[in-house]
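Structure record follows, encoded as structure tokens.
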Amino acid sequence: MNSIIQFTSRLIRGQSTSTDVHKFNGGVHPPGYKDDSTTRPIGTLAIPEKLILPLRQHVGYIPKIKVHVSDHVLKGQMLAEAEGSVSAAIHAPTSGTVTAISKEVIPHPSGLPDMCITLTPDGKDTWATLQPVDWRNTAKKDLVASLRLSGIVGLGGATFPTHIKVRADGKSHVHTLVINAAECEPYITCDDMLMRERADEIVKGIEIVQYLLGAENCVIGIEDNKPEATIAMSEACKSLANVSVKAVPTLYPSGDARRLIHLLLGTEIPHDKRSTDVGVQVFNVATVLAIYRYFAFGEPAVNRIVTMTGSVNSPQNFEVLFGTPLQSLITAAGGAKADTTHFIMGGPMMGFDLPTIDVPITKAANCIIAATPDLFAPPPPAMPCIRCARCADACPVNLQPQELYWFAKSDNFEKARDYNLFDCIECGCCTYVCPSNIPLVQYYRYAKSEIIAADKAKEAADLARERNEFRLARIEREKLERAQKHAERAASAKTDEPKTEGEKPANTMAADDAKKAAIAAAVERAKALKLAVAHAEGQINNSQEETKATPAEAQSHTNESAMAEQAKVEQAVTEQAKKDKQALIAAAIERAKAQKLAAAQAGVAPKNIENISATVQAEISEIDAIREKVKQTVDAKNSD
Amino acid sequence: MLTALYIMLGLALLLGVVLGISALLFKVEGDPLVARIDAILPQTQCGQCGYPGCKPYATAIAKGEADINQCPPGGDAGAHALADLMGVEYKPLNAEHGAPKPKSVAFIDENTCIGCTLCIQACPVDAILGAAKHMHTIIASECTGCELCLAPCPVDCITMQPITETPDNWKWKYPIIPIKALPSTGSNAPL
């Protein structure tokens, strides 16, 4: 009876074969094409002629460059150090010379150039002094700090700095470590080959990560299309009691962290929580191996396994140094076939077309596919949405892709956000099943980047508003402070004045008065002089301008008679002006003479000229200078 | 009849008192409309609208003194948002106040700068760093691109540099489905 119930419930759940894995909603079954690249073992590449290392190889802040052009560096030497909390270091993949620090095209969907360090290998491949860490006898805090220097990031493709993931946040306790070896995307086999060939090292890495996280259990999730890898991993972790290998049904996207946790543990993580909130942490299988090699041998992140497949003569997995030009990899795989049109980085579902062939292999590059029109037919033209909701059935995140599509298409971003657009993992299942061939994921990416840009702009505007308000408040405050200071000074001056005057003896007061009178007289004279000079000069200038202007005006006339007439009139005017000028000059001379006389008379008055203060003396000398100038002008006019 | 009147009168008095108290208790400081308009404005503080900043312009709009189409940095989207908020008809940007430009940041040519501090005094968001007779520099992340520092510079050492696209600020484009012209099949081809 019991068995019948179990059987029927399995039938209902659609799980007639797998025993203890759960199932997530949706997902698709794209053809795998994985056998192409698993027939050959992992190959190695010769050291290329140059390595281009982009600074942007991980999620987070750009690391800070530690080397200069023409520096000689050793393999494993740090070239750029992690800056800020979420960042990762970059190391020299081989020994050689730094030949450039410049902008180069990076493997990014934008196809834009970004800062890169170019290294020309010396061919010796000399390691720097490596410092293995005895992790069993080292404090966890020191291990995490050390991992920060390793440059290791998530090698599944997300490239999240690993040291952040093992850092204890003090809030949640991780009880289960999930090793992501599902590798659900078509074509990609780098994790598969890694498990087949290096299962022992992976298991040692699992031990370290378990220790770091304090996780009692570990589950390795492998899709059931990789039986060799499953066997190899089961063999390797036989000795460990708490580590189990589970085969999960082949269903894209089982390799997504949340989907895999659901498959293996049956736990669904709320969309606004992290996996660590439910006590689970996920690591990619290649990341675990990198951690082992770092602690056991001191090797930082300098290489990774890359699947080179698609339309190449011998598809294969290679251990590639970071920064290796894509061309070297293609050559190693027997060259691209003639009908290759472009190259895809990542899988066919989530990857992107590389902008050029001159891009380097980075930490994110798990797979490069040479694409041909046969393998990847250009998408047929998109037809209108027929509201079939197949996308909603296929969505592994249980979103409403058709709604999101409407909102993204009509730039209704607020609504798209309300429908949890940011929970979309861009897996491409909806696009894959859409009978109208609508590029749905492209719409979601567009909407996401528009929302992110708008949020950033809003943040900048808020900052600007805050700074502007602060500035206005500061100006207001300074004005008040100044007013207060003035008031204080005025008050203190008032209280001081009567005191000093009262104390002054009578004779000095008399002297002061005399001095003041003299100064006042001098100032008066100076003012009169200045006025006179200005007047005279102005008159002269005016008349000069007039005389200058007349010939120019006369020339502009073409009619001769008119010109002659004009000339007569002009002459009359100039004569009149001359007369006026002379009269004015005469008047000016008169005034100047009068001034001179007055000055001569006044000059005698202050006998105590030596006692006058420096400023007054300066004023007097200025007046003298003006007098001199007037005299010269007058003389010049007289001689005319 | 009378009872009904009293009840209504009593109710009216009671509600009046409640409303009066709540008006005092829940008094809103400032004009919420100004704040809402200010939130739409781009906070460039450029003064192209004819007001000495975004907030004065927001106040003028709220009072009905200014039109909604005087903010070139806000662009067409800003004018639409203001029209929606104010419940008025959308108007295209008034060309008198200038045309929208791509977002730029000021850049000081440090070889030419004489350290006169005039630009520092002009900057509405304190995004210029420097001191008298010392070289000045722009804090690019805080520059709003208002161009107010250009005019006072006596040596014209400030230029506006449009923000270039980098992998950091790059955006996915709206999906455009290319329309392919079918190869011409000749005049005798069946239609």
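Quick one: putting +1 on the C-beta of Lys and Arg, -1 on the C-beta of Asp and Glu, what dipole do you get for segment B:32-97 around its Cα centre, in Debye to the nearest 20? Dipole magnitude for segment B:32-97 comes out near 200 debye. 7 Å from Cα along Cα→Cβ at both A:Phe160 and A:Glu488: what's the point-to-point distance in nm? Label at A:Phe160, label at A:Glu488, 5.7 nm between them.
Straightening the chain between A:Ala528 and A:Gln617 buys 30.2 nm, computed as 0.36 nm per residue apart minus the Cα-Cα spacing. Distance between the modelled labels on A:Glu478 and B:Asp109, one decimal in nanometres: 2.8 nm (7 Å Cα→Cβ projection).
The phi-based Karplus calculation (6.51 cos²θ - 1.76 cosθ + 1.60; θ = phi - 60°) puts the 3J(HN,Hα) values of segment B:98-112 at x, 9, x, 10, x, 4, 10, 10, 6, 9, 9, 6, 6, 6, 9 Hz, whole numbers, x for Gly and Pro.
For segment A:20-371, what does the alpha-carbon gyration tensor say about shape, rounded, prolate or oblate, given a ≥ b ≥ c as the root eigenvalues, a/c under 1.5 as rounded, and a/b over b/c as prolate? Write out the running numbers ahead of the final one.
Numbers: a/c = 1.65, a/b = 1.18, b/c = 1.40.
Here segment A:20-371 falls in the oblate category.
Couplings 3J(HN,Hα) for segment A:184-195, derived from phi with the Karplus relation 6.51 cos²θ - 1.76 cosθ + 1.60 (θ = phi - 60°), are 8, 6, x, 6, 7, 9, 5, 6, 4, 5, 4, 5 Hz, where x marks Gly and Pro. The residue list B:Ile37, B:Tyr6, B:Pro162 was ranked by how far each Cα lies along the charge dipole of chain B toward its positive end, using unit charges on Cβ atoms, and B:Tyr6 comes out on top. In terms of the mean number of neighbouring beta-carbon atoms within 10 Å, the peptides B:80-86, A:321-327 order highest first as A:321-327, B:80-86. Restricting attention to the protein assembly as shown, close to 65% of DSSP beta bridges with both partner residues there are antiparallel.
Per-residue Cβ neighbour counts within 10 Å put B:Met135, A:Met345 in the sequence B:Met135, A:Met345, beginning with the fewest. Placing +1 on each Lys and Arg Cβ and -1 on each Asp and Glu Cβ, with no other charges, gives the protein assembly as shown a dipole about its Cα centre of roughly 1040 debye.
Listed by Cβ neighbour count within 10 Å, with the fewest neighbours leading, A:Leu584, B:Leu33, B:Leu24 appear as B:Leu24, B:Leu33, A:Leu584.
Can you compute the FRET efficiency between A:Asn242 and A:Val86 using 1/(1 + (r/R0)^6), with r the Cβ-Cβ distance and R0 = 25 Å? Round to the nearest 0.05. Kindly include the intermediate steps, with their values, before the conclusion.
Values: r = 30 Å, r/R0 = 1.21.
Plugging the Cβ-Cβ distance into 1/(1 + (r/R0)^6) gives 0.25.
Would you mind checking the pairs A:Lys140/A:Lys165; B:Lys63/B:Lys101; A:Lys448/B:Lys101; A:Lys409/B:Lys171 and listing those with alpha carbons more than 18 angstrom apart? From the list (A:Lys140/A:Lys165; B:Lys63/B:Lys101; A:Lys448/B:Lys101; A:Lys409/B:Lys171), the Cα-Cα distance tops 18 Å for B:Lys63/B:Lys101; A:Lys448/B:Lys101.
By the count of neighbouring beta-carbon atoms within 10 Å, fewest first, B:Cys123, A:Cys237, B:Cys113, A:Cys430 end up ordered B:Cys113, A:Cys237, B:Cys123, A:Cys430. Projecting the Cα positions of A:His271, A:Ile47, A:Asn420 onto the charge dipole of the protein assembly as shown (unit charges on Cβ atoms of Lys, Arg, Asp and Glu, taken about the Cα centre) puts A:His271 furthest along the positive direction. Taking a point 7 Å from the Cα of A:Ala454 along the Cα-to-Cβ direction, the residues of segment A:394-424 with backbone N closer than 16 Å to it are A:404-423. Remark: spin-label model distance B:Arg36-A:Phe470 equals 2.9 nm, labels positioned 7 Å along the Cα→Cβ axis.
Just so you know, all these numbers are worked out from the coordinates, no wet-lab data involved. These numbers were taken from a predicted model, which means no experiment stands behind them. Cβ coordinates were reconstructed from backbone atoms using ideal geometry, including for glycine residues, and neighbour counts include every protein chain displayed.
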